[in-house]
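What follows is one structure encoded as structure tokens, with my remarks underneath.
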Amino acid sequence: QCIVLNSYNLLTFKNERCTELFETLGCEGEIRLALQHLSDWAAPRPVEKTLMTLVDQAYVQPQPLGLVLIIGAWNYPWAVTLQPLVGAIAAGNAAIIKPSEVSSHSARAMEELLPLYLDTDLYPVVTGGVSETQELLRQRWDHVFYTGSSSVGRLVMEAAAAHLTPVTLELGGKSPCYIHSDCNIRVAARYGPDHVGKFVNCGQTCISPDYVLCEPSVQSRLLEEVREARLKHFYGISFEDYGRIINQRHFRRIMGLMEGSTVALGGDCDEADCYIGPTVLKDVSADSKVMKEEIFGPVLPIISVSGVDQAIQFISDREKPLVIYVFTEDKKVGLMIADTSSGALLANDCLVHFTVSTLPFGGVGHSGMGCYKGKHTFDQLSHLRSCLIKSSSLESVNSLRYPPHTQRKINW
Ligand code: NAD
């Protein structure tokens with residue numbers, strides 16, 4: 001697939017292996033899973049019965065919702081658009097696919113490639129920008145599945161409310177990463193701030209750790225390990241393998257967020273090439289510019305806290321994030337962090353919960369509503385219809401329901 005996608009010039013901001021790892025493999029996995037389990041997912045689901053329904057049939061029957069509008073974001077244009085589509089098709093819906101205009105090469109590739117494999121009456125691709133999306137949102141749908149920013153998510157929900165259409169909102173936010181002093185800092189640096197977590201896809205990942213919380217002594221060890229991991233093991237000194245920021249507007253936005261903060265590592269950039277190298281900011285204060293909005297770029301602020309209690313307070317004072325990361329060997333610390341609220345919780349690793357299709361993926365509060373992945377997408381885009389098929393064989397039991405409603409009947 002990468003060769004095909006490459007011919008559409010898609011790999012200008014993402015290298016080829018990242019495209020395979022983070023885009024196409026996940027879509028293939030979702031398709032395989034749906035093919036393998038579809039008959040189970042779609043089958044009636046018997047439920048526990050009561051005394052009154054003992055001889056009846058009681059079950060939940062998944063039914064298609066009808067017509068689903070899928071609006072995708074640009075950062076993983078294939079994964080966030082096609083993975084919901086797999087569930088929409090599996091659940092028996094028709095779906096309109098609206099890829100993001102920002103990742104324009106991907107949008108064109110989808111517009112040209114999907115009709116080769118899917119019925120265009122049932123699964124058309126509509127391209128265009130904000131006004132086209134707004135026009136789509138004025139129509140009546142049976143479900144809107146939106147991935148993108150919280151501010152546009154609000155507009156999507158407003159438009160859907162006019163028709164009482166349910167929505168799934170896969171939004172963003174500032175996901176924190178608490179690194180406790182007892183953890184293996186080398187591992188934490190690799191999985192969290194570095195290659196696997198923050199800097200993959202140049203930080204343009206909804207679930208990347210937006211900022212790190214740790215004690216001051218952890219900050220200096222962490223900086224050492226990130227420097228070591230980045231320079232020697234992952235990208236090489238020239239960072240040739242590194243991707244690019246999606247466009248110059250976002251380049252300038254990210255550079256602007258760094259104003260007033262101290263660069264501890266990285267900071268190299270080239271506006272003409274939309275390049276920002278992996279950057280770590282140290283001793284960042286809570287009211288700095290970079291803490292005012294989701295960074296969505298390869299810039300990692302480190303904020304000092306006195307320990308786990310202050311970290312929890314910091315997290316709880318803010319909107320509920322898409323994910324909270326914690327690195328610790330201490331079960332008690334892990335449980336304390338688990339006592340917060342977020343779309344997901346991941347300990348001692350970053351991002352990989354997205355690959356576990358048995359785990360529902362989604363946000364809570366400002367980071368979104370609803371969820372998807374595997375069977376969860378199927379259920380999200382189905383109506384789970386309650387069915388009770390009464391048997392007339394035990395009419396004598398029904399006599400209890402008929403008036404007069406005597407005390408004897410109530411006691412029975
Ligand atoms: P974007 O600008 O591509 O917008 C997403 C979609 O919204 C596009 O299809 C676009 O046409 C439409 N849109 C934009 N403005 C609109 C408007 N005013 N009215 C109607 N439609 C409009 O993407 P973005 O919003 O920059 O995406 C980045 C955000 O998405 C980040 O916050 C990121 O965290 C989040 N995100 C979340 C997930 C997730 O699964 N939760 C995944 C990827 C990205």
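The values are calculated or read from the model by the stated rules, or taken from the named source; none is laboratory data. Note that the structure is predicted; figures quoted are calculated from it, not measured. As a convention, Cβ positions derive from the backbone with ideal geometry for all residues, glycine included, and neighbour counts pool all protein chains shown.
Name the residue that is surrounded by the most Cβ atoms within 10 Å (Cβ to Cβ), counting only residues in segment 86-120 that are within 14 Å of the ligand (Cβ to nearest atom) and free of Cβ contacts under 8 Å to residues at least 40 places away in the same chain.
It comes out as Pro99.
What is the residue count in segment 100-146 for residues that are outside any loop (DSSP other than H, G, I, E, B) and not aliphatic (A, V, I, L, M)? Walk me through it before giving the result.
Step one: of segment 100-146, the residues outside any loop (DSSP other than H, G, I, E, B) are 104-117, 125, 130-138, 143-146.
This time we only want the ones that are not aliphatic (A, V, I, L, M), so: 104-106, 108, 111-112, 115, 117, 131-135, 138, 143, 145-146.
Residues in segment 100-146 being outside any loop (DSSP other than H, G, I, E, B) and not aliphatic (A, V, I, L, M): 17 in total.
Only one of Lys198, Lys174 is at pLDDT 95 or above, surrounded by 18 or more Cβ atoms within 10 Å (Cβ to Cβ) and basic (Lys, Arg); which? Spell out how you get there, then give the answer.
Details: Lys198 fails: at pLDDT 95 or above.
Every option except Lys174 fails the conditions.
Do we find that Glu132 is free of Cβ contacts under 8 Å to residues at least 60 places away in the same chain and within 10 Å of the ligand (Cβ to nearest atom) in this structure?
Values: free of Cβ contacts under 8 Å to residues at least 60 places away in the same chain: yes; within 10 Å of the ligand (Cβ to nearest atom): yes.
It is true that Glu132 is free of Cβ contacts under 8 Å to residues at least 60 places away in the same chain and within 10 Å of the ligand (Cβ to nearest atom).
When you scan segment 307-387 for helices (runs of 4 or more DSSP H) that lie fully inside it, which ones turn up with 1 or more residues that are surrounded by fewer than 16 Cβ atoms within 10 Å (Cβ to Cβ)?
Details: elements: 308-316, 331-338, 374-380.
Once the helices (runs of 4 or more DSSP H) in segment 307-387 are filtered for at least 1 residues that are surrounded by fewer than 16 Cβ atoms within 10 Å (Cβ to Cβ), what remains is 308-316, 331-338.
Take Trp141 and tell me if it is among the aromatic types (Phe, Trp, Tyr), in contact (Cβ under 8 Å) with a residue 40 or more places away in the chain and within 16 Å of the ligand (Cβ to nearest atom). Let's see the steps before the verdict.
Values: among the aromatic types (Phe, Trp, Tyr): yes; in contact (Cβ under 8 Å) with a residue 40 or more places away in the chain: yes; within 16 Å of the ligand (Cβ to nearest atom): yes.
The answer is yes for Trp141.
Suppose the filter is more than 9 Å from the ligand (Cβ to nearest atom), under 21 Å from Phe378 (Cα atoms) and at pLDDT 95 or above; does Tyr146 pass it? Lay out the reasoning, then the answer.
Working: more than 9 Å from the ligand (Cβ to nearest atom): no; under 21 Å from Phe378 (Cα atoms): yes; at pLDDT 95 or above: yes.
Here the answer is no, as Tyr146 does not meet what is asked.
Quick one: in segment 149-164, of everything that is assigned to a loop (DSSP other than H, G, I, E, B) and out of contact with any Lys or Arg (no Cβ under 7 Å at 6 or more places or on another chain), which residue is nearest to the ligand (Cβ to nearest atom)?
Ranking the candidates gives Ser149 first.
Starting from residues that are assigned to a loop (DSSP other than H, G, I, E, B) and more than 30 Å from Asp309 (Cα to Cα), keep the ones in segment 165-186 and report whichever is nearest to the ligand (Cβ to nearest atom).
Quick first cut of segment 165-186, residues assigned to a loop (DSSP other than H, G, I, E, B) only: 165-166, 171-175, 180-184.
Filter again for more than 30 Å from Asp309 (Cα to Cα), leaving 165-166.
Details: Thr165: 15, Pro166: 17 Å.
Of everything passing the filter in segment 165-186, Thr165 is nearest to the ligand (Cβ to nearest atom).
Yes or no: Arg385 more than 20 Å from the chain's Cα centre (by Cα) and either within 14 Å of the ligand (Cβ to nearest atom) or modelled with pLDDT of 95 or more (or both)? Before the answer, list the steps.
Details: more than 20 Å from the chain's Cα centre (by Cα): yes; either within 14 Å of the ligand (Cβ to nearest atom) or modelled with pLDDT of 95 or more (or both): yes.
In short, yes.
Taking segment 266-280 only, how many residues are buried (at least 19 other Cβ atoms within 10 Å of the Cβ) and outside any loop (DSSP other than H, G, I, E, B)?
Summing the residues that are buried (at least 19 other Cβ atoms within 10 Å of the Cβ) and outside any loop (DSSP other than H, G, I, E, B) in segment 266-280 gives 3.
Which of the helices (runs of 4 or more DSSP H) found entirely inside segment 1-97 contain at least 2 residues meeting this: closer than 24 Å to Ala160 by Cβ and at pLDDT below 95?
Details: elements: 2-7, 16-19, 25-42, 79-90.
In segment 1-97, there are no helices (runs of 4 or more DSSP H) which contain 2 or more residues that are closer than 24 Å to Ala160 by Cβ and at pLDDT below 95.
Return the residues of segment 187-198 that are part of a loop (DSSP other than H, G, I, E, B) and either away from the ligand (no atom under 16 Å from the Cβ) or aliphatic (A, V, I, L, M) (or both); say none if nothing qualifies. Before the answer, list the steps.
From segment 187-198, those part of a loop (DSSP other than H, G, I, E, B) are 192-198; that's our starting set.
Of everything in segment 187-198, those that are part of a loop (DSSP other than H, G, I, E, B) and either away from the ligand (no atom under 16 Å from the Cβ) or aliphatic (A, V, I, L, M) (or both) turn out to be Gly192, Pro193, Asp194, His195, Val196.
If you check every pair at least six apart or on different chains, which have Cβ atoms under 6 Å apart with a residue in segment 214-225 that is touching a residue at least 40 places away in the same chain (Cβ under 8 Å) first and a residue that is assigned to a helix (DSSP H, G or I) and not small (Gly, Ala, Ser) second?
Note: pairs meeting the criteria are Leu222/Ile185; Glu225/Ile185; Glu225/Arg186.
Looking at the structure I just gave you, is His366 of a type outside the set (Asp, Glu), touching a residue at least 12 places away in the same chain (Cβ under 8 Å) and more than 20 Å from Leu38 (Cα to Cα)?
Spelling it out, His366 is indeed of a type outside the set (Asp, Glu), touching a residue at least 12 places away in the same chain (Cβ under 8 Å) and more than 20 Å from Leu38 (Cα to Cα).
Got at least one residue in segment 311-331 being small (Gly, Ala, Ser) and closer than 18 Å to Gln219 by Cα?
Taking every residue of segment 311-331 in turn, at least one turns out to be small (Gly, Ala, Ser) and closer than 18 Å to Gln219 by Cα.
Can you name the number of the only condition in (1) of a type outside the set (Ser, Thr, Tyr); (2) part of a helix (DSSP H, G or I); (3) away from the ligand (no atom under 16 Å from the Cβ) that Ile302 fails?
Answer for Ile302: the failing condition is (2).
Among the residues of segment 36-80, count how many are aliphatic (A, V, I, L, M) and either surrounded by fewer than 20 Cβ atoms within 10 Å (Cβ to Cβ) or more than 16 Å from the ligand (Cβ to nearest atom) (or both). Break it down into steps so the answer makes sense when it comes.
As a first pass, look at segment 36-80 and keep what is aliphatic (A, V, I, L, M): 38, 42-43, 47, 51-52, 54-55, 58, 60, 65, 67-71, 73, 79-80.
After this cut, where a residue has to be either surrounded by fewer than 20 Cβ atoms within 10 Å (Cβ to Cβ) or more than 16 Å from the ligand (Cβ to nearest atom) (or both) as well, the list is 38, 42-43, 47, 51-52, 54-55, 58, 60, 65, 67.
Result for segment 36-80: 12.
What pairs can you find where one residue is in segment 39-67 and among the basic types (Lys, Arg), the other is assigned to a loop (DSSP other than H, G, I, E, B), and their Cβ atoms are less than 8 Å apart, with a gap of 6+ or different chains?
Pairs that qualify, where the first residue is among the basic types (Lys, Arg) and the partner is assigned to a loop (DSSP other than H, G, I, E, B), are Lys49/Asp56.
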